[in-house]
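Only one structure is covered here, and it is reproduced in the block below.
The values are calculated or read from the model by the stated rules, or taken from the named source; none is laboratory data. Note that this is a predicted model, so its numbers are computed, not measured. We place every Cβ from the backbone using ideal geometry, glycine too, and count neighbours over all the protein chains shown. All accessible areas refer to the heavy atoms of the entire protein, side chains included, with ligands and DNA or RNA removed. Shrake-Rupley method; radii C 1.70, N 1.55, O 1.52, S 1.80 Å.
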Amino acid sequence: QVQLVESGGGLVQAGGSLRLSCAASGSGFSINVMGWYRQAPGKQRELVAGITGTANRNYADSVKGRFTISRDNAKTMVYLQMNSLKPEDTAVYYCYTRVGISDALYWGQGTQVTVSS
């Protein structure tokens, strides 16, 4: 079992920055990928960014050049640096991870990001 705890959401003006953090805990797991999805009101959850165990990164087109995903050396924390935020970035951001041979999926509880115009 893996637990994910997010932090760092909040309210920011357009053009501002926020940094999200996600800590993974549990025992006996090997992380295949960690990253972030987001869900805005009335919309489907969408992938924002992910980073694999070999540090390959992928980003949604809408955030390329503005968001940067990174992780710590122990590979149990992932960060999302969000710059040049836009009102359309407003959403609940969910940390996720896939672990082990079964590629089991786990979610965090979500953190609200609100960007005011």
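If you scan the stretch 18-33, which residues turn out to be open to solvent by 60 Å² or more (accessible area, probe 1.4 Å) and within 15 Å of the chain's Cα centre (by Cα)? Walk me through how you get there before you give the answer.
Pass one, the stretch 18-33, residues open to solvent by 60 Å² or more (accessible area, probe 1.4 Å): 19, 27-28, 30.
Across the stretch 18-33, the qualifying residue is only R19.
Quick one: which residue in D61, D72, D89, D103 is closer than 21 Å to Q3 by Cβ, of a type in the set (D, E) and free of Cβ contacts under 8 Å to residues at least 60 places away in the same chain?
Numbers: D61 fails: closer than 21 Å to Q3 by Cβ; D89 fails: closer than 21 Å to Q3 by Cβ; D103 fails: free of Cβ contacts under 8 Å to residues at least 60 places away in the same chain.
So the residue among D61, D72, D89, D103 that is closer than 21 Å to Q3 by Cβ, of a type in the set (D, E) and free of Cβ contacts under 8 Å to residues at least 60 places away in the same chain is D72.
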- Message: If G42 satisfies all but one of (1) open to solvent by 60 Å² or more (accessible area, probe 1.4 Å); (2) on the phi < 0 side of the Ramachandran plot, what's the number of the condition it fails?
- Response: (2)
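Quick check on the stretch 60-70. Is at least one of its residues in contact with a helix residue (DSSP H, G or I) (Cβ under 8 Å, 6 or more places away or on another chain) and exposed (fewer than 15 other Cβ atoms within 10 Å of the Cβ)? Spell out how you get there, then give the answer.
Filtering the stretch 60-70 for residues in contact with a helix residue (DSSP H, G or I) (Cβ under 8 Å, 6 or more places away or on another chain) gives 62-63.
Checking which are exposed (fewer than 15 other Cβ atoms within 10 Å of the Cβ) leaves us with 62.
Yes; the residues of the stretch 60-70 include at least one that is in contact with a helix residue (DSSP H, G or I) (Cβ under 8 Å, 6 or more places away or on another chain) and exposed (fewer than 15 other Cβ atoms within 10 Å of the Cβ).
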- Task: Among residues belonging to the stretch 34-53 that are within 30 Å of S102 (Cα to Cα) and at pLDDT below 95, point out the one that is nearest to the chain's Cα centre (by Cα).
- Result: T52
